[in-house]
1. Pairs needed: first member in segment 5-17, within 20 Å of GLU76 (Cβ to Cβ); second member anywhere, near the ligand (Cβ under 10 Å from one of its atoms) and of a type in the set (Val, Ile, Thr); C-beta distance under 8 Å; at least 6 residues apart or different chains.
2. In this structure, is ILE74 open to solvent by less than 20 Å² (accessible area, probe 1.4 Å) and over 13 Å from the mean Cα position of the chain (by Cα)?
3. Considering each of VAL157, VAL139 in turn, give the residue that is within 21 Å of LEU9 (Cα to Cα) and open to solvent by less than 10 Å² (accessible area, probe 1.4 Å).
4. When segment 84-106 is examined, which residues are found to be touching a residue at least 40 places away in the same chain (Cβ under 8 Å) and more than 15 Å from ILE72 (Cβ to Cβ)?
5. Which residue is nearest to the ligand (Cβ to nearest atom), if the candidates are limited to segment 8-65 and must be aromatic (Phe, Trp, Tyr) and closer than 19 Å to LEU173 by Cβ?
6. Only residues in segment 142-154 that are under 19 Å from LEU175 (Cα atoms) count as the first member; pair them with residues that are of a type in the set (Gly, Ala, Ser) and not in a loop (DSSP other than H, G, I, E, B), Cβ under 8 angstrom, at least 6 apart or cross-chain, and list the lot.
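The values are calculated or read from the model by the stated rules, or taken from the named source; none is laboratory data. Here the structure is a predicted model, which is why all the values come from computation and not from measurement. Cβ: placed from backbone, ideal geometry, glycine included. Neighbour counts: every protein chain shown. Accessible surface is based on the protein model in full, side chains and every heavy atom, while ligands, DNA and RNA are left aside. Shrake-Rupley method; radii C 1.70, N 1.55, O 1.52, S 1.80 Å.
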Amino acid sequence: MSNLKLGILASGRGSNFQSIIDAISSMRLKAEIAVLITDNPLAFAVERAKKHGIEYLVIRPKEFASKDDFFIKIAEELKKRDVGLVVLAGFMRIVGKPLIDAFPNMIMNIHPALLPSFPGLHGQKQAIEYGVKISGCTVHFVEEGIDTGPVIIQAAVPVFQDDTEETLSERILKLEHSIYPEAIRLFSEGRIEIEGKRVRIKEYVSSDISIVNPPIPKSLNPYIA
Ligand code: GRF
């Protein structure tokens, strides 16, 4: 069977994009990156694509008459390359309906908070300001609402009282880099089933991750013998 083809959409630094490149090179993930699409020609993600010989396209919304036309163009470029999963990796735009309709349940996003808490921008800052003691990250499917689609994997980290947005973001980012490739792996193996809002992982084995690293001291964790 041929590899799942990924289309990555990124607007910035691209560290999640890099984690997917690394998972593929180290054979943890059997997939291929067909194209990186960015709306920002200065995105560092572009440098990563160049370094790894990955095709990239800069598609800027201002070149289109409407937001819909911008997303129609993106969908066309992804279809042309036979993309089977669209991966948002720090793509700083709300995905338009034409792209969602072209790839139903085939677009993933990673969000730096435990959804449904703290959707939208600055999930880490929102968590600190709210005063929660645990936060984390969520990989989910993309639908029309903002950060509302079915949850695939979540990972938790503690929030310390002297955390800043930067220190919490850094702690969360480390986990983003492991759960995103893992969610893509489960998808590439055809093991993700969506029932309404709920995602089920078929043939679940203990090495599959659906929740990572609950930050409970071992001595208090009833799940650890
Ligand atoms: C990450 O924090 C991700 O959760 C959010 O945007 C950020 C992208 O970072 N969606 P990077 O560009 O992948 O380094």
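1. Short answer, once both residue conditions are applied: LEU6/ILE20; ILE8/ILE20.
2. yes
3. VAL139
4. If the condition is that a residue be touching a residue at least 40 places away in the same chain (Cβ under 8 Å) and more than 15 Å from ILE72 (Cβ to Cβ), then GLY84, LEU85, VAL87, LEU88, ALA89, GLY90, PHE91, MET92, ILE94, ASN105 are the ones that fit.
5. If we take residues in segment 8-65 being aromatic (Phe, Trp, Tyr) and closer than 19 Å to LEU173 by Cβ, then PHE17 is nearest to the ligand (Cβ to nearest atom).
6. ILE152/ALA183; ILE153/ALA183; GLN154/GLY136
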